[in-house]
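Visitor: Right, I'll just put the structure down here and ask away after.
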Amino acid sequence: MNIDRRTAIRQLAFISASAVFLPACMQDHSKSTVLLRHFKIDHDQEKLLEELTATIIPTTDTPGAREVSAHLFVLKMLDDCSSPDDRVKYLKGMQLFDDAARSAAGKSFTAMDAGTRQRLLATIDGNKKADGDLRFFYSTTKKLTILAYSSSSWFLTKVQVYELVPGRWHGCVAVNRPL
């Protein structure tokens, strides 16, 4: 069988392309997209956290928490800066939050519409007798979402323009010295 150079190069290109794209097809999509060293979450938990942060700071005519990837910031801050007890408490609270959403609306938080989500968050925020882990989860997520949004590059360049320290230099300013 004779194979000319053009056919050999084409077949080599197909084999190379399939070798490049094959790992993406075989990837486990149930894993989280962020690499965490101290605790594990699955894709559904990450999606829940993404929807929660997007409900806390929704997208309007300005970008919301989803556009600045606040949920990934929350996960990295928990992974890097929280104690092991706080991480366990946070994961228990996340499960309790999902259970509360299912009992309140009959479906998961990610399947709810925006109005139902807002009512659920108002209920959790106003309920002082809620489970400690649930309140810890919600308050930590809310605090870190606001921190992620207010320290994002979009916020610091468009809303509150950040100026590097020591600031501007004004060279031609008269100095009044007492005699």
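Visitor: Looking at region 85-106, is at least one residue over 21 Å from residue 139 (Cα atoms) and either without any contact (Cβ under 8 Å) to a residue 40 or more places away in the chain or among the hydroxyl-bearing types (Ser, Thr, Tyr) (or both)?
Guide: Yes, the conditions are met somewhere in region 85-106.
Visitor: Also, I was wondering about something else. Which numbered condition in (1) more than 20 Å from residue 39 (Cβ to Cβ); (2) touching a residue at least 12 places away in the same chain (Cβ under 8 Å); (3) part of a helix (DSSP H, G or I); (4) not charged (D, E, K, R) is the only one that residue 68 fails?
Guide: (3)
Visitor: Which condition number does residue 136 fail, the rest of (1) surrounded by 12 or more Cβ atoms within 10 Å (Cβ to Cβ); (2) outside any helix (DSSP H, G or I) being met?
Guide: (2)
Visitor: Related question: Does region 77-114 hold any residues that are of a type in the set (Lys, Arg) and part of a helix (DSSP H, G or I), and which are they?
Guide: Once the filter is applied, which keeps residues that are of a type in the set (Lys, Arg) and part of a helix (DSSP H, G or I), region 77-114 yields 87, 89, 92, 102.
Visitor: Output the residue which, of all residues in region 144-169 that are in a helix (DSSP H, G or I) and among the polar types (S, T, N, Q), is nearest to residue 72 (Cα to Cα).
Guide: Ranking the candidates gives 145 first.
Visitor: OK, next. Kindly indicate whether residue 169 is farther than 23 Å from residue 68 by Cβ and either at pLDDT 90 or above or loosely packed, with under 13 Cβ neighbours inside 10 Å (or both).
Guide: yes
The values are calculated or read from the model by the stated rules, or taken from the named source; none is laboratory data. Note that the structure is predicted; figures quoted are calculated from it, not measured. Glycine also receives a Cβ, built like all others from the backbone with ideal geometry; neighbour counts cover every protein chain displayed.
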